[in-house]
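Participant: Take a look at the following structure, please.
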Amino acid sequence: MTSNFKGTRIPLSFLLIGIFLWGAGGNPGRAMAAEVDQTLVIAQGGEATIFDIAKISDIPTQFIAKNMLDYLVTTDFDGNFLPQLAKSWKSSEDLKTWTFQLREKVKFHDGTPFNSAAAKFNFERYMNKEISIRSALFSVIAQIETPNEYTIIFKLNKPMVSFIDELINGYTGAIQSPTAMQKLGKDYGLSPVGTGPFKFKQWIRNERIILERNSEYWAGAPKLKQIVYRPIPDPQTAILELETGGVHIATVVPPEEVPRLKRNKDIVMMEDPSHTIRAIGFQTKGTPFADVRVRRAVSYGVNVHHIVTSLAGDSVVKTQGPMPKISWAFDPSTKELDYNSELAKRLLADAGWKTDADGILKKDGVRFEVNLITPVGRYIKDKEICEAIQADLIKLGIRMKIETLEGGTWWTKVRSAKGFDMTFLGIGPRPPEPATSPLSISFTTTGYLNHINYGNPEVDRLMAEAATLLDKEKRKALYFQAQKLVIQDAPALWLYSDKSMVAVRKEVKGYRHSAVRLSWLYNDVMIGK
């Protein structure tokens, strides 16, 4: 039996199949989603820490949280601002008053309403130094007003051109359920509640974290049923799991595996320029590195360029200081402290360090023996880079012990800002405005990621002044000055910026990789055949 359609004879069986497919989910793509297990499994380089934006400062946890939480403003894949929980916003001419009109009829995962009161609760919590690790950042807010249910007004105590970059977007201003936070108290970070496309389901430490589809998401339910995050610190193990189908996406890819993975017909390699900075930070208080001459000596005495190039190759971009090269405010005239072992030895001698009988430096009866803490597999070639630095330092008479730690344990220790002399620093991608860049958050005195206690009043002044200027070129000039000062102070060995590379199985459909967008989001992803 047949039926006519625009002159073409189509078997009725085909029409029935078509009706079935559309009825299954509204379109053929939804039908495919119904046929295939829509569980996406992701390998991350480290375990999560705590799901409370007021307390999160590590990137693996941020990447998970951003799939559960919304912000007032988000970004597109090119870094441009987009409305999210705020429909629109505006600032006063003096950049001291910022007004946001909020989206209506949005609910948190616990069923409670999102409104201006909920937004205000979150931001006042971020301002609270007893709760938030970023309270210094939010201290710019003098007052928050909510004239009606869907309007929130921030009044600042000084002009701030990067207000949206720094406090609203990024990793700082996520909106969480006030009801859940009040109900769960200190345990809230173990089971977060937001308004995002996925809801928290389960966390088994060092094994998996499961998010499930928010079928009532205000922007439309995601196609995936679940996302499973597996912490796999060893990148080689993660790649093996990827190739055998144990995971769909590997977020840490060893450089030596890239050529082979590109030849694998079941794997798609994706890469994107990144705003990250990876470095070895010196603890600048209570250690030999409190002396700038010593920090500069180590910077001259370690052949960083050779180490990074030989170990990480084309998977990274060698940095030239605390500003990523893809930033519009990177100073291309920046001069690094290039490798010069003889100059390094002279600086150490000037600082009072003399060679002991066994070749180790000694000063005032104290031998130059320091420790470095690092995760393994969290960053590209982290452990191997530390070992190469260790080999260069012993040539200078500095004995460095390497302590490898699980990602969460390492980050807890780094955040305490004590118990280490040196540490691998993984400063995550920031928005385009350098006021929120690694230069600001890690190398100003009050920067919330300044765990090495570095401080230079002139750097602080330059960054603070830049934040008040509308003129982009004037801001750039101040950023250039700040970069030069930080490089001369040598608070870190500058290593590389990631290319933000991930390996994805070909059955993953709709995923678009972006480093600029700050997170890996899966709203439009589905598993195909």
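Participant: Could you identify the single residue in Thr99, Thr112, Thr151 that is surrounded by fewer than 17 Cβ atoms within 10 Å (Cβ to Cβ), in contact with a strand residue (DSSP E or B) (Cβ under 9 Å, 6 or more places away or on another chain), among the hydroxyl-bearing types (Ser, Thr, Tyr) and modelled with pLDDT of 95 or more?
Facilitator: Details: Thr99 fails: surrounded by fewer than 17 Cβ atoms within 10 Å (Cβ to Cβ); Thr112 fails: in contact with a strand residue (DSSP E or B) (Cβ under 9 Å, 6 or more places away or on another chain).
Of Thr99, Thr112, Thr151, the one residue that is surrounded by fewer than 17 Cβ atoms within 10 Å (Cβ to Cβ), in contact with a strand residue (DSSP E or B) (Cβ under 9 Å, 6 or more places away or on another chain), among the hydroxyl-bearing types (Ser, Thr, Tyr) and modelled with pLDDT of 95 or more is Thr151.
Participant: Cβ-Cβ under 8 Å, sequence separation 6+ or interchain: first residue in region 368-385 and closer than 14 Å to Ile307 by Cβ and modelled with pLDDT under 95, partner assigned to a helix (DSSP H, G or I) and of a type outside the set (Val, Ile, Thr). Which pairs?
Facilitator: Pairs found: Ile380/Pro255; Ile380/Ala312; Ile380/Ser315; Lys381/Pro255; Lys381/Leu311; Lys381/Ala312.
Participant: Could you please find all residues in region 78-96 being surrounded by 17 or more Cβ atoms within 10 Å (Cβ to Cβ), in a loop (DSSP other than H, G, I, E, B) and under 26 Å from the mean Cα position of the chain (by Cα)?
Facilitator: The answer is Gly79, Gln84, Leu85.
Participant: Please give the helices (runs of 4 or more DSSP H) falling wholly within region 406-501 in which 3 or more residues are out of contact with any helix residue (DSSP H, G or I) (no Cβ under 6 Å at 6 or more places or on another chain) and over 14 Å from Ser162 (Cβ atoms).
Facilitator: 407-415, 457-466, 472-489
Participant: Something else: Take the conditions in contact with a strand residue (DSSP E or B) (Cβ under 6 Å, 6 or more places away or on another chain), on the phi < 0 side of the Ramachandran plot and surrounded by 18 or more Cβ atoms within 10 Å (Cβ to Cβ) and apply them to Leu495. Does it pass?
Facilitator: yes
Participant: A follow-up question, please. Of everything in region 346-398, what is of a type in the set (D, E, K, R) and either in a loop (DSSP other than H, G, I, E, B) or crowded, with 20+ Cβ neighbours inside 10 Å (or both)? Give them in sequence order. Spell out how you get there, then give the answer.
Facilitator: Filtering region 346-398 down to residues of a type in the set (D, E, K, R) leaves 346, 350, 354, 356, 358, 362-364, 367, 369, 378, 381-384, 387, 392, 395.
Within region 346-398, Asp356, Asp358, Asp364, Arg378, Lys381, Asp382, Asp392 qualify.
Participant: Can you say whether Ala417 is more than 29 Å from Ser341 (Cβ to Cβ), in contact (Cβ under 8 Å) with a residue 40 or more places away in the chain and either of a type in the set (Gly, Ala, Ser) or buried (at least 22 other Cβ atoms within 10 Å of the Cβ) (or both), as far as the supplied structure shows?
Facilitator: Values: more than 29 Å from Ser341 (Cβ to Cβ): yes; in contact (Cβ under 8 Å) with a residue 40 or more places away in the chain: yes; either of a type in the set (Gly, Ala, Ser) or buried (at least 22 other Cβ atoms within 10 Å of the Cβ) (or both): yes.
Answer is yes for this residue.
Participant: Shifting gears a bit: Would you confirm whether any residue within region 464-474 is surrounded by 18 or more Cβ atoms within 10 Å (Cβ to Cβ) and closer than 19 Å to Leu95 by Cβ?
Facilitator: Yes, region 464-474 contains at least one residue that is surrounded by 18 or more Cβ atoms within 10 Å (Cβ to Cβ) and closer than 19 Å to Leu95 by Cβ.
Participant: A further question on this structure: Taking the condition of being free of Cβ contacts under 8 Å to residues at least 24 places away in the same chain and on the phi > 0 side of the Ramachandran plot, how many residues in region 80-118 meet it?
Facilitator: So the count comes out to 1.
Participant: Going through region 186-238 one residue at a time, which ones are of a type in the set (Val, Ile, Thr) and in contact with a Leu (Cβ under 6 Å, 6 or more places away or on another chain)?
Facilitator: Ile227
Participant: Strands (runs of 3 or more DSSP E) wholly in region 144-219 with at least 1 residues that are in the same structural domain as Lys120 (by TED's automatic domain parsing) and within 23 Å of Asn80 (Cα to Cα) - which ones? Spell out the reasoning first.
Facilitator: Values: elements: 151-156, 198-204, 208-213.
Per the criteria, 151-156.
Participant: Same structure, new question: Give region 400-426 a look and list any residue that's farther than 18 Å from Gly286 by Cβ and modelled with pLDDT of 95 or more, or say none.
Facilitator: The answer is Ile402, Thr404, Phe424.
One line per residue, one yes/no per condition, for (1) of a type outside the set (Gly, Ala, Ser); (2) out of contact with any Phe, Trp or Tyr (no Cβ under 7 Å at 6 or more places or on another chain); (3) touching a residue at least 40 places away in the same chain (Cβ under 8 Å):
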| site | (1), (2), (3) |
| --- | --- |
| Pro254 | yes, yes, yes |
| Arg260 | yes, yes, no |
| His275 | yes, yes, yes |
| Ala279 | no, no, yes |
| Arg296 | yes, yes, yes |
| Ser299 | no, yes, yes |
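Participant: I would also like to ask the following. Answer with yes or no whether Ala33 is outside any loop (DSSP other than H, G, I, E, B), modelled with pLDDT under 50, closer than 30 Å to Thr237 by Cα and of a type in the set (Gly, Ala, Ser).
Facilitator: yes
Participant: In this structure, is Glu342 part of a helix (DSSP H, G or I) and without any contact (Cβ under 8 Å) to a residue 12 or more places away in the chain?
Facilitator: Yes.
Participant: Residue check, Pro222 against (1) part of a strand (DSSP E or B); (2) at pLDDT 95 or above, all met but one. Which one?
Facilitator: Every listed condition holds for Pro222 apart from (1).
Participant: Further question: Which numbered condition trips up Gly510, out of (1) more than 21 Å from the chain's Cα centre (by Cα); (2) over 20 Å from Thr75 (Cα atoms); (3) touching a residue at least 24 places away in the same chain (Cβ under 8 Å)?
Facilitator: (2)
The values are calculated or read from the model by the stated rules, or taken from the named source; none is laboratory data. These figures come from a predicted structure and were not determined experimentally. Note: ideal-geometry Cβ built from the backbone for every residue, glycine included; neighbour counts use all protein chains shown.
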